[in-house]
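The values are calculated or read from the model by the stated rules, or taken from the named source; none is laboratory data. Predicted, not measured: the structure shown is a model, and the values here were computed from it. Cβ placement follows ideal geometry from the backbone for every residue including glycine, while neighbour counts extend to all protein chains displayed. Ligands, DNA and RNA are stripped out before the accessible areas are found, and what is left, the full protein with its side chains, is counted by its heavy atoms. Shrake-Rupley method; radii C 1.70, N 1.55, O 1.52, S 1.80 Å.
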Number of protein chains: 2
Amino acid sequence: MLGRSALSAAGLAAGSIAPTSLLATLSPNPAPGRTAPRIRFGVIGINHGHIDAQVAAVVGGGGEFVAYHAREPELARPFGARHPEARFVDDERRILEDPSIHLVLSSIVPSERAPLGLRVMQHGKDYMADKPGITTLEQLAEVRRVQQETRRIYSIMYSERLDNAATVRAAELARSGAIGKVVQTIGLGPHRVHPPQRPAWFWDPAKFGGILCDIGSHQFDQFLYFTQSTTAEVVAAQVRNVRHPEHPGFQDFGDAMVRGNGGTGYVRLDWFTPAGLPTWGDGRLTVLGTDGYIEVRKYVDLARKDSGDHLYLVDGKGVQYLDCRGVERPYGRLLVDDVLHRTETAMTQAHCFLATELSLRAQGTAHVVSG
Amino acid sequence: MLGRSALSAAGLAAGSIAPTSLLATLSPNPAPGRTAPRIRFGVIGINHGHIDAQVAAVVGGGGEFVAYHAREPELARPFGARHPEARFVDDERRILEDPSIHLVLSSIVPSERAPLGLRVMQHGKDYMADKPGITTLEQLAEVRRVQQETRRIYSIMYSERLDNAATVRAAELARSGAIGKVVQTIGLGPHRVHPPQRPAWFWDPAKFGGILCDIGSHQFDQFLYFTQSTTAEVVAAQVRNVRHPEHPGFQDFGDAMVRGNGGTGYVRLDWFTPAGLPTWGDGRLTVLGTDGYIEVRKYVDLARKDSGDHLYLVDGKGVQYLDCRGVERPYGRLLVDDVLHRTETAMTQAHCFLATELSLRAQGTAHVVSG
């Protein structure tokens with residue numbers, strides 16, 4: 001439960017808008033075996049299935065899920081069935097204006113995430129968006145301005161790092177110096193298209209921002225995080241639509257080289273995962289250091305394991321395989337800490353925005369390779 | 001043995017200088033179990049250990065190794081001990097001017113390979129160089145001119161494709177349409193430095209041409225071959241010296257994005273292979289197609305096999321692991337065919353030069369990332 005002294009020392013004093021909601025009563029009787037919730041949160045917009053992982057992260061970190069809003073009854077019904085603990089509200093204002101709610105989560109259509117985030121912050125609440133969390137540089141400028149003004153948290157759940165146990169472990173190893181100085185990262189993010197399951201916005205770059213903005217944002221986040229870069233530029237970027245001519249604005253391939261003050265990186269995205277792969281994508285991360293390297297096989301280890309969380313570490317002493325199932329993914333817990341203590345332990349705000357800025361600059365400057 | 005009719009129809013007529021050497025007598029009595037040699041070859045310059053693989057390829061393809069020359073007695077002695085079938089000659093002219101020798105191989109210091117190749121072609125013989133086969137654009141222009149003029153073969157043994165069984169198999173699969181249309185390749189070429197075993201030229205970019213020219217040339221070859229590109233450009237390139245400040249001209253990291261008329265590619269090279277890897281480098285090739293992808297683990301399969309030749313194929317039907325040990329690497333055989341028949345089956349001359357041109361252009365335009 002919240003201590004008043006912690007709130008006044010670390011919490012209220014830090015924000016330009018007081019998080020009055022922190023003073024509200026939390027559920028007094030948690031279920032047996034669960035710790036008492038530390039904050040209350042709501043959901044507005046559930047257009048991408050990532051919302052379930054976002055909710056799970058915050059619940060796991062000590063959040064109490066109390067209310068949700070979605071415009072689409074066909075999405076709201078099954079979501080509500082999966083989350084009976086939360087109540088449906090028919091207007092987002094019933095969440096934005098509820099003083100007991102500290103944090104709002106969203107996986108609304110990507111181009112609407114920043115406008116919603118502005119409303120959330122302007123109502124004195126913190127925000128956690130699915131990626132891409134922002135789809136244009138204009139949105140980014142406005143989000144940066146309002147975040148500075150309100151001192152609310154605008155977090156983007158770059159789940160291919162934050163919600164993947166092997167990648168979390170890789171980050172710990174790299175930060176501990178296990179591979180010397182990090183020189184470069186390569187991030188591969190292949191994805192599978194299921195056309196029957198994809199809504200119209202999925203195909204419209206004005207809605208999802210383009211491949212480097214959308215599924216690319218994970219990769220720019222990883223590059224910055226592993227190289228510990230605080231400034232970075234796009235060296236070159238390309239996008240292409242190879243086999244979806246029926247969706248002329250769609251991009252099924254994209255790649256980019258980037259350079260930061262802590263190292264360099266290459267990222268590649270595609271929508272070509274073949275039907276024979278036992279999961280949606282063979283996501284990989286290679287972290288090259290001066291004294292070793294790490295390869296993460298995030299979701300599958302070809303012809304070995306159909307499940308994920310595989311880490312290979314090569315250093316001066318030998319080759320190790322680390323099964324990372326069970327490694328804690330602390331993002332949700334740290335985000336709840338940050339909501340309470342006005343800290344930046346889950347992700348610094350500067351990093352969150354710089355990853356998005358890189359993805360938007362790559363997208364904006366990408367050479368369009370003819371199909 | 002050579003048939004006169006084949007020579008006159010396909011051989012002599014094609015060249016502007018007659019390969020008179022083809023008429024010379026070959027050893028009449030091959031060892032039991034070996035087929036009779038089809039051509040005779042010599043070696044000039046053995047500064048890189050790759051020469052043994054070059055010799056093995058041509059012997060395996062039907063060549064008879066008859067003579068070698070090297071300026072360095074300390075290199076010539078152990079080489080001669082490994083190749084008692086060939087005689088040492090104290091002047092390269094004894095090879096160049098020997099009418100019975102059809103083909104000359106070399107792994108002389110890289111910057112001397114093109115000048116030597118010019119002399120070889122001007123003596124009416126074909127040439128096969130270790131990579132990098134040419135270290136400057138000026139050399140390349142001269143080599144192209146003399147090759148056109150003499151119609152001799154100037155082959156470069158890009159061994160990470162030509163001498164790796166899994167990569168040969170990957171090429172067969174890709175060409176057969178196993179992964180649909182090839183969209184992109186990623187080639188990773190990490191290498192190990194053994195400073196005590198490296199001669200002075202290894203550290204001098206004027207001698208080895210730079211990292212993208214040297215160990216990068218394999219990668220540009222693979223990119224062109226797998227995408228079947230006949231024209232290509234460098235999108236971006238970088239080089240860096242991270243941890244060899246005692247050799248200021250050396251580059252221990254390099255990467256590049258390339259774009260061809262058959263697809264795009266990314267290549268990365270480094271000299272950071274850690275001591276704990278059971279081989280000199282964890283070379284990888286990923287070929288992305290519209291309907292599947294191939295990953296080649298050339299020399300090691302981390303924590304699974306310390307030996308090489310591993311291929312993973314993912315397509316519409318599933319995931320397959322192919323152990324490619326024993327797959328024929330036909331380069332030597334085809335090169336001997338080409339010497340005999342004036343054909344281009346081992347590698348087209350245009351491809352050979354374009355791969356080198358790309359590597360030289362990447363090297364020449366590379367951004368130097370500060371250490």
* **Chain A residue with Cβ closest to the axis mapping A onto B, distance in whole Å** => A:ALA236, 2
* Formal net charge of residues neighbouring B:LEU105 (Cβ-Cβ distance under 13 Å; K, R +1; D, E -1) -> -1
* **Gain upon complete extension [B:VAL368, B:GLU172; 0.36 nm per residue less C-alpha separation]** => 66.9 nm
* To do: Lys and Arg at +1, Asp and Glu at -1: add these up for the other residues within a Cβ distance under 10 Å of B:VAL369 and post the number.
  => +1
* Asked: Summing Lys, Arg as +1 and Asp, Glu as -1, what charge do residues with Cβ under 13 Å from the Cβ of A:MET257 carry, A:MET257 excluded?
  -> +3
* To do: Count, for each residue of A:213-225, the Cβ atoms from other chains sitting within 10 Å of its Cβ, then give me the mean as a whole number.
  => 0
* Where B meets A: accessible area buried, both sides, 1.4 Å probe, Å² -> 4200 Å²
* Structure fact -> 1/(1 + (r/R0)^6) with r = Cβ-Cβ of A:THR136 and B:ALA303, R0 = 25 Å, i.e. FRET efficiency to nearest 0.05, evaluates to 0.05
* To do: Round to a whole angstrom and tell me the spacing of the C-alpha centers of region B:133-170 and region B:57-81.
  => 20 Å
* Structure fact -> Expected sort for A:97-105, B:361-369 on mean C-beta neighbours within 10 Å, highest first, is A:97-105, B:361-369
* Asked: For label points placed 7 Å from Cα toward Cβ, what is the shortest-first list of nm distances from A:ARG304 to its copies?
  -> 0.6
* Asked: What shape does region B:191-309 take by its C-alpha gyration tensor, where a ≥ b ≥ c are the square roots of the eigenvalues and a/c under 1.5 counts as rounded, a/b above b/c as prolate, and the rest as oblate?
  -> oblate
* Structure fact -> Heavy-atom accessible area of the protein assembly as shown with neighbours in place, 1.4 angstrom probe: carbon+sulfur share in percent works out to 53 percent
* Structure fact -> Here the correct list, in nm and shortest first, of distances from A:GLU246 to the same site in the other copies, label points 7 Å along Cα→Cβ, is 6.3
* Residues of region A:158-191 losing 50 Å² or more of accessible area relative to the isolated chain, 1.4 Å probe, heavy atoms only? -> A:VAL183, A:ILE186
* By its C-alpha gyration tensor, with a ≥ b ≥ c as the square roots of the eigenvalues, how is region B:68-178 shaped: rounded for a/c under 1.5, else prolate for a/b larger than b/c, else oblate? -> oblate
* Nearest-first distances (nm) between copies at A:TRP280, label 7 Å from Cα via Cβ -> 4.3
* Two-site FRET efficiency, A:GLN148 against B:ALA36, from Cβ-Cβ distance with R₀ of 60 Å, rounded to 0.05 -> 0.15
* Roll a 1.4 Å probe over the protein chains and send me the accessible area per residue for the protein assembly as shown in Å². => 36 Å²
* To do: Given a cut-off of 27 Å, name the pairs among A:LYS181/A:LYS207; B:LYS181/B:LYS317; A:LYS207/A:LYS305; B:LYS131/B:LYS298 whose C-alpha atoms lie farther apart than that in the structure shown.
  => A:LYS181/A:LYS207; A:LYS207/A:LYS305
* To do: Determine which residues of region B:109-143 fall in the zone a paramagnetic label at B:ASP204 would reach in this model, i.e. backbone nitrogen under 17 Å from the point 7 Å along Cα→Cβ.
  => B:109-116, B:132, B:135-136
* Structure fact -> Taking alpha-carbon centroids only, region A:197-243 lies from region A:315-371 a number of Å equal to 13 Å
* Structure fact -> In a Gaussian network model of chain A with springs linking alpha carbons closer than 10 Å, the residue among A:GLY42, A:GLY216, A:GLY318 that fluctuates most is A:GLY318
* Between B:GLN197 and B:GLU74, what FRET efficiency comes out of the Förster formula 1/(1 + (r/R0)^6) with R0 = 22 Å and r the beta carbon distance, rounded to 0.05? -> 0.95
* On a 0 to 90° scale, report how tilted helix B:113-122 is relative to the longest principal axis of chain B, with both axes built from alpha carbons and the result rounded to the nearest 10. => 30 degrees
* To do: Just need the relative contact order of chain B here, percent rounded to a whole number, with Cα pairs under 8 Å and 6+ apart.
  => 18 percent
* **Rounded if a/c under 1.5, otherwise prolate or oblate - region B:272-371, Cα gyration tensor axes** => oblate
* Run the numbers on region A:233-250: which residues show a drop of 30 Å² or more in accessible area, chain on its own versus all protein chains together, using a 1.4 Å probe over heavy atoms? => A:ALA236, A:GLN238, A:ARG240, A:VAL242, A:ARG243
